[in-house]
Structures are given as structure tokens and as C-alpha cells.
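The values are calculated or read from the model by the stated rules, or taken from the named source; none is laboratory data. If you're wondering where the values come from, they're calculated on a predicted model, not measured in any experiment. Using ideal geometry, Cβ is built from the backbone for each residue, glycine included, and neighbour counts are taken over all protein chains shown. The protein model used for the area step is the full one, side chains on, heavy atoms only, and it has no ligands, DNA or RNA in it. Shrake-Rupley method; radii C 1.70, N 1.55, O 1.52, S 1.80 Å.
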Amino acid sequence: EMETPTAMASYKPKAVLLTGGAGFIASNVCIHLVQKHPDILFVVYDKIDYCSNIKNLSPVFRMKNFEFVKGDILSADLVNFAISKFRIDTIYHFAAQTHVDNSFGNSLTFTSNNVLGTHTLLECWRSNKEQVKRFIHVSTDEVYGENKVSTNIRKMDQKDGASAFEESKSMLLPTNPYAASKAAAELMVTAYMHSFQLPAIITRG
């Protein structure tokens with residue numbers, strides 16, 4: 001059953017897992033959260049690849065409400081171990097192979113990490129659904145592809161102040177392997193929300 005509004009309102013995170021937390025964007029989010037919420041434990045789970053650096057987390061590395069686990073999201077055993085050990089109740093999923101240009105020459109790793117990696121994480125969430133109450137999936141506006149560009153051009157001369165781009169009504173039309181892998185990951189998250197009644201949030205930026 002899906003959570004009632006009362007149950008959802010009473011939810012307060014106590015232990016948050018941030019996948020890919022040593023990346024540029026995620027590390028800044030992590031630093032902000034760790035410093036602003038000393039009563040919540042934040043656990044960064046990152047394999048430290050070309051797009052991440054442990055030094056990005058140096059401002060919070062010695063703080064009591066911060067932990068770091070070096071690992072790949074494709075390793076379900078290690079993800080489940082971290083969820084169990086730290087009693088994770090919230091997952092922020094940032095981990096992904098990034099950069100459009102890189103995806104042209106090494107596209108299979110993007111599918112493996114971004115799609116299969118997300119699927120693996122979702123299975124870990126499902127097997128711990130009594131404990132993990134929220135899943136925030138961080139995506140990208142690249143999933144709109146040319147759709148967003150052409151829509152903005154068509155509506156540029158509107159005078160009524162209406163939004164030039166309506167996200168909820170726009171199709172996913174990725175035009176490169178990176179964007180396609182992120183769109184596929186989004187669809188997997190949406191499928192788990194509907195199939196298993198798991199509460200998730202998808203952000204695009």
C-alpha cells in the first residue's frame with residue numbers, strides 16, 4: 001500500500017545515502033546538507049571515477065554526521081551492506097557516467113552504469129522498502145533533447161507570460177547516448193514507483 005498523507009508528513013530522514021557523492025554537483029549538495037543538518041547522518045557511496053574526487057568532500061570529511069563508502073552501485077551486496085550498517089532511510093541517487101562527448105566513444109559503459117546501475121540500486125531499495133522511505137533520482141534536462149530547444153523557439157514570441165516549456169507535457173527525446181541512458185534510468189524509476197508503490201522523486205537540471 002502507498003503511504004497515507006499522515007505517514008508521509010511524519011517522515012523525517014535520519015540516515016541518507018548519496019550515491020556518486022564525490023562528484024562536483026553531489027559533493028556540493030552533500031557539504032550543504034551535512035553542515036546544515038548535524039542531526040542527520042549522510043553517507044557518500046562513490047567508486048571514485050573520472051568524474052569524481054574524494055577531495056571534493058574535504059570540508060566535511062571529519063564531521064561526525066558524515067561517512068564515506070568506496071563502492072560501485074553495480075555491487076548490490078555492498079549497497080545492501082551500507083543500507084543495513086548505517087540504517088539508511090533515504091537515498092539520493094546522483095551516481096552516473098557523465099558528459100555527452102564521452103558517451104559517443106564509450107557508450108556501453110554509460111548503459112551499464114546509468115541504466116543497470118540505477119536498476120541495481122532500485123532492487124536494493126525494493127528489498128529494503130520497510131526501512132528506506134524515500135528515493136530521490138537526480139536526472140538531467142538532456143533527456144528532452146531537441147524537444148526543449150524547439151519548444152522554446154516556437155513560444156519565444158508569446159506575450160501572455162506563459163512558460164515556454166511545460167515539463168510535465170514534454171516527451172523524452174534524447175539525442176545522444178548519455179541522455180538516452182539517463183532517460184532509460186528515469187523510466188526504470190517510474191516503473192518501480194508504479195509496480196511496487198515505492199515513493200520516489202525525479203529531478204531534472
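Close Cβ contacts (under 6 Å, 6 or more residues apart or on different chains) running from residues in the stretch 123-146 that are in contact (Cβ under 8 Å) with a residue 40 or more places away in the chain and under 26 Å from Lys14 (Cβ atoms) to residues that are open to solvent by 70 Å² or more (accessible area, probe 1.4 Å) and part of a strand (DSSP E or B) comprise Ile136/Ile201; Ser139/Arg204.
Scan the stretch 119-143 for residues that are in a helix (DSSP H, G or I), of a type outside the set (Ser, Thr, Tyr) and open to solvent by 30 Å² or more (accessible area, probe 1.4 Å) and the total you get is 5. Screening the candidates Val34, Val69, Val132 for the property of being within 16 Å of the chain's Cα centre (by Cα) and hydrophobic (A, V, I, L, M, F, W, C) yields one hit, Val132. Examine the stretch 96-108 for a residue that is modelled with pLDDT of 95 or more and open to solvent by 10 Å² or more (accessible area, probe 1.4 Å), and state whether such a residue exists. No.
Take Thr111 and decide whether it is open to solvent by 50 Å² or more (accessible area, probe 1.4 Å), assigned to a helix (DSSP H, G or I) and either modelled with pLDDT under 95 or touching a Pro at 6+ places or on another chain (Cβ under 9 Å) (or both).
Values: open to solvent by 50 Å² or more (accessible area, probe 1.4 Å): yes; assigned to a helix (DSSP H, G or I): yes; either modelled with pLDDT under 95 or touching a Pro at 6+ places or on another chain (Cβ under 9 Å) (or both): yes.
Criteria met by Thr111.
When residues in the stretch 54-75 are screened for being open to solvent by less than 70 Å² (accessible area, probe 1.4 Å) and farther than 21 Å from Thr90 by Cα, 2 of them pass.
Only residues that are open to solvent by 40 Å² or more (accessible area, probe 1.4 Å) and under 14 Å from the mean Cα position of the chain (by Cα) were counted across the stretch 172-198, and they come to 3. Within the stretch 27-59, being modelled with pLDDT of 95 or more and small (Gly, Ala, Ser) holds for Ser27, Ser58. Taken over the stretch 60-95, the criterion of being under 17 Å from Met188 (Cβ atoms) and touching a strand residue (DSSP E or B) at 6+ places or on another chain (Cβ under 8 Å) is satisfied by Ile73, Val79, Ile91, Tyr92, His93, Phe94, Ala95. Evaluate the stretch 34-50: report whether one residue or more is in contact with a Leu (Cβ under 8 Å, 6 or more places away or on another chain) and open to solvent by 30 Å² or more (accessible area, probe 1.4 Å). Scanning the stretch 34-50 turns up no residue that is in contact with a Leu (Cβ under 8 Å, 6 or more places away or on another chain) and open to solvent by 30 Å² or more (accessible area, probe 1.4 Å).
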